[in-house]
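Student: Mind looking over this structure? Questions follow.
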Amino acid sequence: VQLQASGGGLVQAGGSLRLSCAASGRTFRTYHTGWFRQAPGMEREFVAAISWSGGSTGYADSVKGRFTISRDNAKNMVYLQMNSLKPEDTAVYYCAVKVGFSDYETDMQYAYWGQGTLVTVSS
């Protein structure tokens, strides 16, 4: 599976962005997908995850209520809608896939990663 994240950019605090993760390969729809982010000088952290069917989702407490993860298996796409953005959301955002949905907050559980897309939120 190859993943390509896009949709990052510069936005003012309070604004919105939608990130997209495009995947190649028909097996993509069998994988659970997560979004992670890494700010400068910080460790990579979990943001959100969605099961292969879209029936289950999980969010970091820091983004709960502001971010929404979704997927369209027919298009091999996963999205991260980010609303009410804050300067502390500034980071490079990565999408990744894994086989089992358990322990979805742990980056080491993910088998394939896309390149990141930079999100910058100005105050």
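Student: Mind checking the dipole of region 42-102: about its Cα centre, +1 per Lys or Arg Cβ, -1 per Asp or Glu Cβ, Debye to the nearest 20?
Tutor: 200
Student: Something else about it: Could you check what % of the DSSP bridge pairs in the chain are antiparallel, to the nearest 5?
Tutor: The antiparallel fraction comes to roughly 90 percent.
Student: Can you give the accessible area of residue 107, probe radius 1.4 Å, in Å² rounded to 10?
Tutor: 40
Student: Roughly how many whole Å is it from the C-alpha centroid of region 1-28 to that of region 69-123?
Tutor: Here the answer is 7 Å between Cα centres.
Student: Let me ask something else about it. Could you pull the Cα extents of region 24-82 along its three principal axes, largest to smallest, in whole Å?
Tutor: On the principal axes, region 24-82 reaches 36, 23, 15 Å in Cα extent.
Student: Label residue 81 and residue 60 with points 7 Å out from Cα along Cα→Cβ: what is the distance between them in nm?
Tutor: About 2.1 nm separates the two model spin labels.
Student: Between the DSSP loop rule and a limit of at most 16 other Cβ atoms within 10 Å, which trypsin sites (Lys or Arg not before Pro) in region 50-123 are left?
Tutor: Of the trypsin sites (Lys or Arg not before Pro), the ones in loops of region 50-123 whose Cβ has at most 16 other Cβ atoms within 10 Å are 64, 66.
The values are calculated or read from the model by the stated rules, or taken from the named source; none is laboratory data. Computed from a prediction, not measured in an experiment: that's the story for all the values here. Cβ sites come from the backbone with ideal geometry, for glycine too, and all protein chains shown count toward neighbours. Protein only, heavy atoms only, side chains kept; ligands, DNA and RNA dropped before computing areas. Shrake-Rupley method; radii C 1.70, N 1.55, O 1.52, S 1.80 Å.
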